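Asks: Supplied in structure tokens, the structure appears directly below.
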Amino acid sequence: MNNSGNAMRKINQLMIRLLGAMLAMLFTVAPAIAASGDAENGKIIYEKRCIWCHGGDGDGSGAAEKFLNPPPRNFEDGQYKFKTTGFDDMVPNDEDNFRMVRDGMPGTAMPGWKALLSEQEMWDVVQYVKTFAGYEEEKPETQIDYGTQIPTSPESIAAGKKLFEDGDRCVECHGKAGKGSATKSLKGDYKERTWPRNLTKPWTFRASNDPKDIFSRISTGIPGTQMPSFADPKSKKKLSIEERWNVANYVVSLAKTKEVVDAENTVIKAEVAEGDLPATTDDERWDQAVPSTFLLVPQIIGKPRFFKPSNDTITVRAMYNDKAVALLLEWDDRSKSIPGDELAEKIGDSPISEDGVAVQLPVVIPTEMEKPYWGMGDATHPVNIWQWKSGTTKAPETIALSNAMGFATIEKRDAAASGLQIKSSYDNGTWRVLFTRPLSTDDAEKDLQFAEGRFIPVAFAAWDGSNSESGSKHTMTTWYWMLLKPAPSSMPLAIAVLVMGLLLGGLMWWARSAAAKDTENA
Amino acid sequence: MSMTKKRLIPRLLQFALVIAGVYFGFVLLFDVILGALIPKSLLSMYMFFVIAGTFMVFTCTEESAREMVDPIKALVEDPSKKIVRNIVYAVLPLLAGAYIFTSLQLSFEAPVELRSIHPAPPASLKAYGKRFDLATLENPYRKLEKSDPEKFKKLVFEGGEVYIKNCQYCHGDRLDGKGPYADGLNPTPLNFQDVGTIAQLQESYVFWRIATGGPGLPKEAAPWISAMPVWEDFLSEDEIWKVILYLYDYTGMRPRSWKHE
């Protein structure tokens, strides 16, 4: 190799480094400067921190392997999912791996290490990880060509939407609404179940929903999964650079804004409905109800446990009138699991079970801090459980009522006798289930009697029948609160005015009588 | 008038200052320093006792009582104080009205739940069909740390495997309480990297917490909301001792022990 070639290589490498550093700068306040890691030291860190999942040999066979989906990455195969080198280049940039190690991968068990490891330590471990695939001497040969970024605008988003839907380009897997309601069953290279990302939930993106990151994903695909590259000239659904920016802008625009978790919002506030309660899941009045969105966690406290959930949040809205209360539960579920249904059986992990959702309420509203145990109550504090199931091709949907005093002590009751009713709908990856129950029932011993202005503990559970969820295998929330907000009343104002009048009167009377005494004495 | 000493700050003002001082002291201590909003009902109760107590101190002799009351009487009765009086008469009822109005409004804030994080442990605990005396219970493997470091290392590793399969979902694989599902739980899983958790505890206490989980807590620790599973149902006694070794080894903390104290 001659001198000028060498110089070119150096400049090329420098450019790559610069690009990497600029990329990194986009995502952190303090830019990560590509440093050369020390693999020796990386090994020590790896053996303390990473073997549990990625395994001592880097083949992804750590002790946690069977409990995680996506499974821990097998570094021996040298395939990386979130990289910025060309779609046909296996080798990632060091900066790509550094970023995943530093920030972690949301929606997976892979945590960010910046709180525990120094910058240098992270470069060291990145360097060591490369050795499993023999990448220590390899340099990537191609990089993603970003062209010039097209800033977002209504036109760009509209153009992106069209490309997203044309010939089912992205819709095929991500669904019309982008919620990942796939039309086929997807598997990763290791035969693991993969679910197309719900593009309306940017918090589950492994590599953020910044337009530039989405551009990268569309360009390289996600190696090891069925998400293909749209920069590959061989692809029938290939997109130009400009088109990829438009699609990226469209994907950003899909992000949910209302049904998002707000850690401060722990109280479902039911307002008084004008007239009758909404009888359908799409009644316009639901748009006025304030949504509360809660995190769902897999059931890992009682036997048998469940480790690989697909649902992660549930949104609740509520209303009431003088007769009954209505609770609308809404959650994204990629598949409408109706056992017996051909498409559903094909998409899900066959044999599938029914989808389901449940509401848990205490039988008695606690007056002190003490509540029933959150996992289905306890011996002295029973709970009511309302459970809806989606039905099969042979049987319609069902609503069941039970009273529980712990996992093992469950009494089945008659839902109709307590006036429990349901309505459900499934649309493009979202279930909506409406529960209605009279404020009070005939069996006050066994049913919660709703009361205005009281904080009522409430918890939820959900089952995705296409994801092997049934029985104790489901997701659930911790205890939150529900409050039937009394209609605004003029009482407080009336009492305040009365007190003001009395006080002023009393003071005047005191001054007056003192003055009278004075003139008397004079 | 009797021979009341002329004071730098009149008694009535002193009284008001003491009350205000205590009030802001509480707010500062709880809301700012401890970072936990003090519940309104609790604050009202404290303040009731503070006002009653201060009032008793300020009026314990006839003279001091008069010193408190005289300025008020003067305000109402002294014709020369007419302007001040009119102002007070306008402001006082307004303040009272506003207070009553706001306190009658229903709050939509979630009720505050105070719980003790490290309640006193029981004297003994029943698990695995036998009784453990917590005062004498020790980690059977701890002594190997010195006597057989190789064996000890192996046990720590086995503890790590128990941890990653069972605990990381909540307590996190960095042991910092930030596991993938931590945000969906309340109370949040404890952070073992923090000096306020396992570093404060004896291994027997940690054994008790792991074996009996959330439901094993006494009432003051609100067992009904803790997501901590009852590990007696899933792990052997041996596995619990090993996972404890791992918790201390990974974080570099030392368990507290009777011997060193």
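Asks: Provide a single number: the residues in the stretch B:126-167 that are of a type in the set (S, T, N, Q), within 26 Å of residue A:56 (Cβ to Cβ) and loosely packed, with under 15 Cβ neighbours inside 10 Å.
Replies: 0
Asks: Only helices (runs of 4 or more DSSP H) wholly contained in the stretch B:126-185 count here; list those with 2 or more residues that are within 14 Å of another protein chain (Cβ to nearest Cβ) and within 16 Å of residue A:51 (Cα to Cα). It would help to see each step written out before you state the result.
Replies: Numbers: elements: B:144-147, B:149-166, B:168-171.
Result: B:149-166.
Asks: Considering each residue of the stretch B:79-98, count those that are charged (D, E, K, R) and at the interface with another protein chain (Cβ under 9 Å from one of its Cβ atoms), and give that number.
Replies: Step one: filter the stretch B:79-98 for residues charged (D, E, K, R), giving B:81-82, B:85.
Pick out the ones that are also at the interface with another protein chain (Cβ under 9 Å from one of its Cβ atoms) and you get B:85.
Within the stretch B:79-98, residues that are charged (D, E, K, R) and at the interface with another protein chain (Cβ under 9 Å from one of its Cβ atoms) number 1.
Asks: For the stretch B:186-221, which residues satisfy the criterion of being open to solvent by 20 Å² or more (accessible area, probe 1.4 Å), at the interface with chain A (Cβ under 9 Å from one of its Cβ atoms) and part of a helix (DSSP H, G or I)?
Replies: B:215, B:219
Asks: With a cut-off of at least 1 residues that are touching a residue at least 40 places away in the same chain (Cβ under 8 Å) and aromatic (Phe, Trp, Tyr), name the strands (runs of 3 or more DSSP E) lying wholly within the stretch A:226-344. Spell out how you get there, then give the answer.
Replies: Details: elements: A:267-272, A:292-295, A:313-320, A:324-332.
Counting at least 1 such residues, we get A:292-295, A:313-320, A:324-332.
Asks: Take residue A:148 and decide whether it is in contact with a Pro (Cβ under 8 Å, 6 or more places away or on another chain) and part of a loop (DSSP other than H, G, I, E, B).
Replies: Values: in contact with a Pro (Cβ under 8 Å, 6 or more places away or on another chain): no; part of a loop (DSSP other than H, G, I, E, B): yes.
No, not satisfied.
Asks: Every residue in the stretch A:96-109 that is open to solvent by 30 Å² or more (accessible area, probe 1.4 Å) and more than 14 Å from every other protein chain (Cβ to nearest Cβ), please.
Replies: A:99, the sole residue that qualifies.
Asks: Would you be able to say whether some residue in the stretch A:302-311 is of a type in the set (Gly, Ala, Ser), in the same structural domain as residue A:406 (by TED's automatic domain parsing), at pLDDT below 95 and under 18 Å from the mean Cα position of the chain (by Cα)? Outline the logic, then answer.
Replies: Keep residues of the stretch A:302-311 that are of a type in the set (Gly, Ala, Ser), which gives A:302, A:310.
Now restrict to residues that are in the same structural domain as residue A:406 (by TED's automatic domain parsing): A:302, A:310.
Then drop every residue that is not at pLDDT below 95, which leaves A:302, A:310.
With the extra rule that they be under 18 Å from the mean Cα position of the chain (by Cα), the set shrinks to A:310.
Yes - at least one qualifying residue is present in the stretch A:302-311.
Asks: Looking only at residues in the stretch B:66-78 that are over 25 Å from residue A:499 (Cα atoms) and more than 10 Å from chain A (Cβ to nearest Cβ), which one is least open to solvent (accessible area, probe 1.4 Å)? It would help to see each step written out before you state the result.
Replies: Initially, the stretch B:66-78 is screened for residues over 25 Å from residue A:499 (Cα atoms), giving B:66-68, B:70, B:78.
Cutting the leftovers down to more than 10 Å from chain A (Cβ to nearest Cβ) gives us B:66-68, B:70.
On the way: B:66: 94, B:67: 31, B:68: 10, B:70: 46 Å².
Within the stretch B:66-78, the match that is least open to solvent (accessible area, probe 1.4 Å) is B:68.
Asks: For the stretch A:436-447, enumerate the residues that are within 23 Å of residue A:286 (Cβ to Cβ) and buried (at least 22 other Cβ atoms within 10 Å of the Cβ).
Replies: As a first pass, look at the stretch A:436-447 and keep what is within 23 Å of residue A:286 (Cβ to Cβ): A:436-439.
Hit for the stretch A:436-447 is A:437, nothing else.
Asks: To continue, here is another question. Quick one: in the stretch A:38-62, which of the residues that are in a loop (DSSP other than H, G, I, E, B) and open to solvent by 20 Å² or more (accessible area, probe 1.4 Å) is farthest from residue A:192 (Cα to Cα)? Working first, answer last.
Replies: Restricting attention to the stretch A:38-62, the residues satisfying the condition of being in a loop (DSSP other than H, G, I, E, B) are A:38, A:50, A:55-62.
From what is left, the residues that are open to solvent by 20 Å² or more (accessible area, probe 1.4 Å) are A:38, A:50, A:56-57, A:59, A:61.
Details: A:38: 33, A:50: 21, A:56: 21, A:57: 20, A:59: 15, A:61: 14 Å.
The selected residue is A:38.
Asks: Okay, next question. Among the numbered criteria (1) within 12 Å of chain B (Cβ to nearest Cβ); (2) of a type outside the set (S, T, N, Q); (3) open to solvent by 10 Å² or more (accessible area, probe 1.4 Å), which single criterion is violated by residue A:371?
Replies: Here residue A:371 meets the rest and fails (3).
Asks: Further question on the same structure: For residue A:468, work out the one condition from (1) modelled with pLDDT under 95; (2) within 12 Å of chain B (Cβ to nearest Cβ) it doesn't fulfil.
Replies: For residue A:468, the failing item is (2).
Asks: Separate question: Filter the stretch A:428-444 down to the residues that are β-branched (Val, Ile, Thr), in a strand (DSSP E or B) and more than 30 Å from the chain's Cα centre (by Cα) and list them by number.
Replies: None - no residue of the stretch A:428-444 is β-branched (Val, Ile, Thr), in a strand (DSSP E or B) and more than 30 Å from the chain's Cα centre (by Cα), so the list stays empty.
Asks: Within the stretch B:229-245, can one find any residue that is small (Gly, Ala, Ser) and surrounded by 22 or more Cβ atoms within 10 Å (Cβ to Cβ)?
Replies: Pass one, the stretch B:229-245, residues small (Gly, Ala, Ser): B:236.
In the following step, the residues that additionally are surrounded by 22 or more Cβ atoms within 10 Å (Cβ to Cβ) were identified as none.
Among the residues of the stretch B:229-245, not one is small (Gly, Ala, Ser) and surrounded by 22 or more Cβ atoms within 10 Å (Cβ to Cβ), which makes the answer no.
Asks: Quick check on the stretch A:246-256. Is at least one of its residues crowded, with 16+ Cβ neighbours inside 10 Å and at pLDDT below 95?
Replies: Taking every residue of the stretch A:246-256 in turn, none turns out to be crowded, with 16+ Cβ neighbours inside 10 Å and at pLDDT below 95.
Asks: So for the stretch A:445-456 (the condition being part of a strand (DSSP E or B), facing chain B (nearest Cβ under 9 Å) and not charged (D, E, K, R)), does at least one residue qualify? Step through it out loud before you land on a result.
Replies: Step one: list which residues in the stretch A:445-456 are part of a strand (DSSP E or B), which gives A:455-456.
Cutting the leftovers down to facing chain B (nearest Cβ under 9 Å) gives us A:455.
Applying the additional criterion that residues be not charged (D, E, K, R) yields A:455.
Yes: one or more hits.
Asks: Let me ask you something else. Could you tell me whether any residue of the stretch A:458-465 is farther than 30 Å from residue A:393 by Cα, within 9 Å of another protein chain (Cβ to nearest Cβ), assigned to a strand (DSSP E or B) and in contact (Cβ under 8 Å) with a residue 12 or more places away in the chain?
Replies: First, the residues of the stretch A:458-465 that are farther than 30 Å from residue A:393 by Cα: A:458.
Going one step further and asking which of them are within 9 Å of another protein chain (Cβ to nearest Cβ), we end up with none.
Checking the stretch A:458-465: not a single residue is farther than 30 Å from residue A:393 by Cα, within 9 Å of another protein chain (Cβ to nearest Cβ), assigned to a strand (DSSP E or B) and in contact (Cβ under 8 Å) with a residue 12 or more places away in the chain.
Asks: Can I ask one more? Any chance you could count how many residues in the stretch A:476-505 are of a type outside the set (Val, Ile, Thr), in contact with a strand residue (DSSP E or B) (Cβ under 7 Å, 6 or more places away or on another chain) and in a loop (DSSP other than H, G, I, E, B)? Talk me through it step by step, then tell me what you get.
Replies: Residues of the stretch A:476-505 of a type outside the set (Val, Ile, Thr): A:476, A:479-494, A:496, A:498, A:500-505.
Still in the running and in contact with a strand residue (DSSP E or B) (Cβ under 7 Å, 6 or more places away or on another chain): A:476, A:479-485, A:487.
Those still in the list that are in a loop (DSSP other than H, G, I, E, B) too: A:479, A:485, A:487.
Total satisfying the criteria: 3.
Asks: Among the residues of the stretch B:72-92, is any charged (D, E, K, R), in contact (Cβ under 8 Å) with a residue 60 or more places away in the chain, touching a Phe, Trp or Tyr at 6+ places or on another chain (Cβ under 9 Å) and part of a helix (DSSP H, G or I)? So that I can check it myself, show each step before the final result.
Replies: In the first step, residues of the stretch B:72-92 are kept if they are charged (D, E, K, R); the result is B:73, B:77-78, B:81-82, B:85.
When the remaining residues are screened for being in contact (Cβ under 8 Å) with a residue 60 or more places away in the chain, the result is none.
For the stretch B:72-92, residues charged (D, E, K, R), in contact (Cβ under 8 Å) with a residue 60 or more places away in the chain, touching a Phe, Trp or Tyr at 6+ places or on another chain (Cβ under 9 Å) and part of a helix (DSSP H, G or I): absent.
Asks: Let me ask something else. If I ask for residues that are surrounded by 16 or more Cβ atoms within 10 Å (Cβ to Cβ) and over 28 Å from residue A:375 (Cβ atoms), which ones from the stretch A:286-309 would you list?
Replies: Taking the stretch A:286-309 and keeping what is surrounded by 16 or more Cβ atoms within 10 Å (Cβ to Cβ), we get A:286, A:289, A:291-302, A:305-309.
Residues satisfying the conditions are A:286, A:289.
Asks: Here's another thing I want to ask about it. Among the candidates A:184, A:162, A:191, A:176, single out the residue that is free of Cβ contacts under 8 Å to residues at least 40 places away in the same chain, assigned to a loop (DSSP other than H, G, I, E, B) and of a type outside the set (S, T, N, Q). It would help to see each step written out before you state the result.
Replies: On the way: A:184 fails: free of Cβ contacts under 8 Å to residues at least 40 places away in the same chain; A:162 fails: assigned to a loop (DSSP other than H, G, I, E, B); A:176 fails: free of Cβ contacts under 8 Å to residues at least 40 places away in the same chain.
One residue alone meets the criteria, A:191.
Asks: Considering only the stretch A:160-203, state which residues are of a type in the set (A, V, I, L, M, F, W, C) and over 26 Å from residue A:68 (Cα atoms).
Replies: Narrowing the stretch A:160-203 to residues of a type in the set (A, V, I, L, M, F, W, C): A:163-164, A:170-171, A:173, A:177, A:182, A:186, A:195, A:199, A:203.
Listed by number, the residues that qualify are A:163, A:164, A:170, A:171, A:177.
Asks: Any idea which of A:221, A:180 is buried (at least 22 other Cβ atoms within 10 Å of the Cβ) and at positive phi?
Replies: Working: A:221 fails: buried (at least 22 other Cβ atoms within 10 Å of the Cβ).
The conditions single out A:180.
Asks: Return the residue satisfying two criteria in turn: it lies in the stretch A:474-522 and is charged (D, E, K, R) and more than 9 Å from chain B (Cβ to nearest Cβ), and of such residues it is surrounded by the most Cβ atoms within 10 Å (Cβ to Cβ). Give the steps one after another, and end with the answer.
Replies: First pass over the stretch A:474-522, keeping only residues charged (D, E, K, R): A:485, A:512, A:517-518, A:520.
From what is left, the residues that are more than 9 Å from chain B (Cβ to nearest Cβ) are A:512, A:520.
On the way: A:512: 11, A:520: 7.
Top of the filtered list is A:512.
Asks: While we're looking at this one, here's another question. Considering only residues of the stretch B:99-125 that are facing chain A (nearest Cβ under 7 Å), modelled with pLDDT of 85 or more and touching a helix residue (DSSP H, G or I) at 6+ places or on another chain (Cβ under 8 Å), which is most open to solvent (accessible area, probe 1.4 Å)?
Replies: Selected residue: B:101.
The values are calculated or read from the model by the stated rules, or taken from the named source; none is laboratory data. All values derive from a computational prediction rather than experimental measurement. Neighbour counts are summed over all protein chains in view; Cβ atoms, including those assigned to glycine, are modelled from backbone coordinates with ideal geometry. These area figures cover heavy atoms from the full protein model, side chains too; ligands, DNA and RNA do not enter into them. Shrake-Rupley method; radii C 1.70, N 1.55, O 1.52, S 1.80 Å.
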